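Asks: I'd like to ask you about the structure that follows.
Each reported figure results from applying straightforward, stated rules to the coordinates on display, with no laboratory input. What you see is a predicted model, and the numbers here were worked out from it, not measured in a lab. Here Cβ is always computed from backbone atoms with ideal geometry, including for glycine, and neighbour counts include all displayed protein chains.
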Amino acid sequence: MRHDVEAFRRASTEASDWIARYLEDPARFRVNPKMRPGELIDRLPASGPESGESLEQILADFEKLILPAVTHWNHPRFFNYFACTGSVPGVIAEMLSATLNTNGLNWIASPAVSELEQVAVGWLRQWMGLSDGYFGEIFDTASISTMHAVMAAREWVDPDVRLNGITKPLIVYSSDQAHSSIDKAVVAAGIGLRNLRKIESDDQFRMRPEALRDAMAADAAAGLTPCCVIVSAGTTSTTSVDPLEPILDIAAAHNAWVHIDAAYAGAAALLPEFAWMLKGNERAHSLVVNPHKWLFTPVDCSVFYTRHPDVLRRTFTITPEYLKTTGDPREVSLMDYGVALGRRFRSLKLWYVLRYFGREKLQELIRGHIAMARELAGWVNADHRFELAAPAPFSAVCLRLRESEDKTRALVSAVNATGAFFISQTMLKGRFAARVAIGNQATSREDVKALWAEITRLAGEL
């Protein structure tokens, strides 16, 4: 059956017009939907149609049924989690990628997938000031990138693990502020949560090197194998940066793999004034940064770098006859560097975004978000009812009402109930805090000012 190209022309024009209207003014929607769990399921048919339906009808139902259940991450007043802005060049690239529908199983399956990926992540590596020795590839999320780091670390400390599995306890270390994806990674890698050490953080929510040194020494003395240290360059709750160079020294004494989790804040390394955060990266073993967080690339796009691609190949290469290719020395089959065989053309959108904005515009946008966060932190400090719950080195601000944590909880709920703003919450050293993360391409100072006005108004009503 041939493609109905005329139907595509009509429907794609209608969809493109809808997309353009949406990107022009996503603020006309509630940021977060007013929905009950299961409500959308109840509104949709329990089984699919026997006969096909028109694209026009499907789009109409998208607007009527699906859109009211969407949380609008592209909204300029989305201040939850970390923003994932789907910018114009990224949207166009996604359309082209879906049209080609290419699958980069190996090099010959689509040379463009393999080679553009190497070029795009190479550009980003240069802009971030990373070592020339890093090899990069794109996964879907930082969770998967970190899982690959942990699995490579297993191979690093025990080259027989591929054949025999884990035969001795391997220990992974991270800050007590590290992302929960690290817990999942040690589970997926077969290391086990019992062998994950959460190292105490200081009053700035950074890993304490002396606590790491003691923990690794104690484990080694007990006959255990320190395997991997995960350094946070921008924690999820507070965006604090662990001291990389002292940690590298400690890990080196045990020959442990060091992985840098810069999923969010790694984008700030494009700014010369933030080069300090990754100083020493040329001694680390791997690093992750997510362009889909603060580099305006649509989800999903997580870039994983390693200085030891040979370890990844040793860990993951399995090549049956039907996947063998030319054997040319310049050929890179990315299936050999990770768990997945299938591979979407994610590099196309990263390439589009980097070209469209250029380094200077990306720097301008990131600096603007940091400036807004600092101004918000200043407003918090100036209001006697509030306090900063943590430093704000990048574009996230944690705050609480001095009166009580219960009222801070109520404040977060009240702000989000308006539908005009969407903020998050976290626990810091056992204390509740509200959290505002600025990172949307369209967010302006007026949006942040409006949020603060709403926070202060609602605080007065609690």
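Asks: Where does the charge balance sit around Arg10 when Lys and Arg score +1, Asp and Glu -1, over other residues with C-beta under 10 Å from its C-beta? Before the final figure, lay out each step's value.
Replies: On the way: positive: Arg9; negative: Asp4, Glu6, Glu14, Glu56.
Value of the local net charge: -3.
Asks: List every residue whose amide H lies under 5 Å from the amide H of Phe82, counting only residues 5 or more places away in sequence or on a different chain, with H placed 1.01 Å from N in the peptide plane.
Replies: It is none; the list stays empty.
Asks: Once each part is reduced to its C-alpha centroid, what is the distance from region 108-149 to region 189-235 in angstrom?
Replies: 27
Asks: Too long at a 29 Å Cα-Cα cut-off: which of Lys184/Lys429; Lys34/Lys407; Lys361/Lys449; Lys34/Lys449; Lys293/Lys429; Lys34/Lys184? Kindly include the intermediate steps, with their values, before the conclusion.
Replies: Numbers: Lys184/Lys429 22 Å; Lys34/Lys407 22 Å; Lys361/Lys449 23 Å; Lys34/Lys449 24 Å; Lys293/Lys429 26 Å; Lys34/Lys184 31 Å.
The pairs that break the limit, which is 29 Å between Cα atoms, are Lys34/Lys184.
Asks: Over region 359-461, what is the relative contact order in percent, taking alpha-carbon pairs closer than 8 angstrom and at least six residues apart? Provide the component values of the computation, followed by the final result.
Replies: Values: 127 pairs, mean separation 25.8, N = 103.
Here the relative contact order equals 25 percent.
Asks: Also, quick follow-up: In terms of modelled amide H atoms, which long-range or inter-chain residues lie less than 5 Å from the amide H of Ser232?
Replies: Excluding prolines and chain starts, which carry no amide H, the hits are Ser175, Asp242, Asp261.
Asks: Determine the shape class of region 1-103: with a ≥ b ≥ c the square roots of the Cα gyration tensor eigenvalues, call it rounded for a/c under 1.5, and otherwise prolate if a/b is greater than b/c, oblate otherwise. Please report the intermediate quantities before stating the final value.
Replies: Values: a/c = 1.95, a/b = 1.19, b/c = 1.64.
Judged from the Cα gyration tensor, region 1-103 comes out oblate (a/c at least 1.5, b/c at or above a/b).
Asks: For a test of the definition: using alpha carbon positions, the gyration tensor, and the 1.5 limit on a/c, classify region 241-336 as rounded, prolate or oblate. Walk me through the numbers before you get to the answer.
Replies: On the way: a/c = 2.78, a/b = 1.46, b/c = 1.91.
Oblate is the answer for region 241-336, as a/c is 1.5 or above yet b/c matches or exceeds a/b.
Asks: Still on this model: How much of the DSSP bridge set in the chain is antiparallel, in percent, rounded to the nearest 5?
Replies: On the way: 23 of 41 bridges.
That works out to approximately 55 percent antiparallel.
Asks: Which net charge results when you count Lys and Arg as +1 and Asp and Glu as -1 among the other residues whose beta-carbon is under 12 Å from that of Ile182?
Replies: On the way: positive: Lys184, Arg197, Lys198; negative: Asp176, Asp183, Asp261.
So the environment of Ile182 carries a net charge of 0.
Asks: Normalised radius of gyration for region 95-353, please: alpha carbon Rg relative to 2.2 N^0.38 Å, two decimal places.
Replies: Details: Rg = 18.0 Å, N = 259, 2.2 N^0.38 = 18.2 Å.
Ratio of Cα Rg to 2.2 N^0.38 Å: 0.99.
Asks: Does the chain classify as rounded, prolate or oblate by the C-alpha gyration tensor (a ≥ b ≥ c root eigenvalues; a/c under 1.5 gives rounded; else a/b over b/c gives prolate, otherwise oblate)?
Replies: On the way: a/c = 1.73, a/b = 1.06, b/c = 1.63.
Oblate is the answer for the chain, as a/c is 1.5 or above yet b/c matches or exceeds a/b.
Asks: Another one. Using helices alone, what [θ] at 222 nm do you get for the chain, with -39,500 (n - 2.57) per DSSP H run of 4 or more residues, divided over all residues and rounded to the nearest 500? Spell out each step's value before the answer.
Replies: Working: 15 runs with 192 residues, N = 462.
So the calculated ellipticity at 222 nm is -13000 deg cm²/dmol.
Asks: Which whole-Hz ³J(HN,Hα) couplings does region 452-459 yield from phi under the Karplus relation 6.51 cos²θ - 1.76 cosθ + 1.60, θ = phi - 60°, glycine and proline marked x?
Replies: Rounded to whole hertz, the list is 4, 4, 5, 4, 5, 5, 5, 4.
Asks: Can you tell me, using C-alpha contacts under 8 Å and at least 6 residues apart, the relative contact order of the chain as a whole percent? Could the numbers behind the result be given before it?
Replies: Values: 809 pairs, mean separation 98.9, N = 462.
Value for the chain: 21 percent.
Asks: Considering only DSSP beta bridges whose two residues both sit in region 95-353, what percent are antiparallel, to the nearest 5?
Replies: 40
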